[in-house]
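Scroll down for the structure; my scribbles are underneath it.
The values are calculated or read from the model by the stated rules, or taken from the named source; none is laboratory data. The model shown is predicted, which means the values in this text are computed figures rather than measured ones. Here Cβ is always computed from backbone atoms with ideal geometry, including for glycine, and neighbour counts include all displayed protein chains. Note: areas computed on protein heavy atoms with side chains; ligands, DNA, RNA excluded. Shrake-Rupley method; radii C 1.70, N 1.55, O 1.52, S 1.80 Å.
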Amino acid sequence: MSYVLFMVLAMVSAAIVARCWPHSLALLPAQRWFIGLAGFSAAILFAKLPFLVLRDDVLQHAGTLLMGGKSILFGLVGGYAGVELAKKYLGVTTKTGDAFVVPVAVGVGVGRWGCFFAGCCYGVPTEMPWGIVFAAADSVARHPIQIYESVFHLSLAGLLAWLRQAGKFPGQLIKVYFLSYFVFRWLTEFIRPEIAGEWGLTVYQWSILVFMPVFLLLWHRDAQRFSQRATQLDTH
């Protein structure tokens, strides 16, 4: 019950921030709804992807996977892909990432507390004084990964808000968010109870090795486009 409550609270928090967050998107209301729905739907589907691929008993545990088993990493990437595909379908060329990045970061930061109170997504055993015993695991104190993630996303939301106000990285803030999370997630994988594969890396670390260069290339592509537009404005 606490998990569902915090998921609802996460969506409400993100919606409130989005409502209050200043933006100048030249989009019709119907376009905003379509793009938002596409991003949300793709995020949910992609968040389930690792569990559907890695588990060989999907049909036997379909109900469990439907309610639980979601990857924030894949959900974020899927949401980005859903938004971009929706924009392409509508013929929208406006950059939307700067308008949505802070609400998304806030929503994820709040939602991680649902995992904490549900006792899932915990880390490996630790002797640190802030280690927590999760009843769903065992009687050993573990890293509260959910809290680490919440602090990271909420702190980054504040940083991104400041960068937006300061006019830093215009049109690129969503990529700042993603690239920062990729680094954070790579490092915290070492204190997560994930199965290590080739070279001692987890599935999520291997996934980051794919996602990272993709978003760096997107950054480079957009930087070139912004530079070309600036040059054109200067010559007119």
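Could you tell me which of rounded, prolate or oblate describes the stretch 1-50, using a ≥ b ≥ c as the square roots of the eigenvalues of the alpha-carbon gyration tensor, with rounded for a/c under 1.5 and, failing that, prolate when a/b is larger than b/c and oblate otherwise? Cα axes put the stretch 1-50 in the oblate bin. Decide, for the stretch 118-236, between rounded, prolate and oblate: order the square roots of the alpha carbon gyration tensor eigenvalues as a ≥ b ≥ c, take rounded if a/c falls under 1.5, and otherwise choose prolate if a/b is larger than b/c, else oblate. Taking the square roots of the gyration eigenvalues as a ≥ b ≥ c, the stretch 118-236 is oblate.
Per residue, the stretch 145-236 exposes 57 Å² of accessible surface when a 1.4 Å probe is rolled over the protein heavy atoms with every protein chain present.
What is the percent carbon and sulfur in the accessible area of the chain, measuring with a 1.4 Å probe over the protein chains and ignoring ligands? About 71 percent, which is the carbon plus sulfur part of the accessible surface.
Against the chain, whose longest principal axis comes from its Cα atoms, helix 145-166 is set at around 10 degrees. Close amide-amide hydrogen proximity is noted between Val133 and Arg142, each under 5 Å apart and 5 or more residues distant or on a separate chain (H modeled in the peptide plane; Pro and chain starts excluded). Under the shape rule built on the C-alpha gyration tensor, where the axes satisfy a ≥ b ≥ c, the stretch 127-188 is prolate, since a/c reaches at least 1.5 and a/b is greater than b/c. Stretched out straight at 0.36 nm per residue, the stretch from Arg229 to Tyr89 would grow longer than its current Cα-Cα span by 48.1 nm. Couplings 3J(HN,Hα) for the stretch 122-130, derived from phi with the Karplus relation 6.51 cos²θ - 1.76 cosθ + 1.60 (θ = phi - 60°), are 7, x, 7, x, 8, 9, 5, x, 9 Hz, where x marks Gly and Pro. Candidates Met11, Gly171, Tyr204 compared by Cα position along the dipole of the chain: farthest toward the positive end lies Gly171, with charges placed on Cβ.
Note that the stretch 196-211 has calculated 3J(HN,Hα) couplings of 7, x, 4, 6, x, 9, 7, 4, 6, 5, 5, 5, 5, 5, 8, 5 Hz, one per residue in order, obtained from phi through the Karplus relation 6.51 cos²θ - 1.76 cosθ + 1.60 (θ = phi - 60°); glycine and proline are x.
Starting from the Cα of Leu28, move 7 Å in the Cα-to-Cβ direction to define the label point; list residues of the stretch 80-102 whose amide nitrogen is under 20 Å from there. Only 83-96 pass the distance filter. For the residue pairs Lys70/Lys175; Lys70/Lys95; Lys95/Lys175, the C-alpha atoms sit more than 19 angstrom apart in Lys70/Lys175; Lys70/Lys95.
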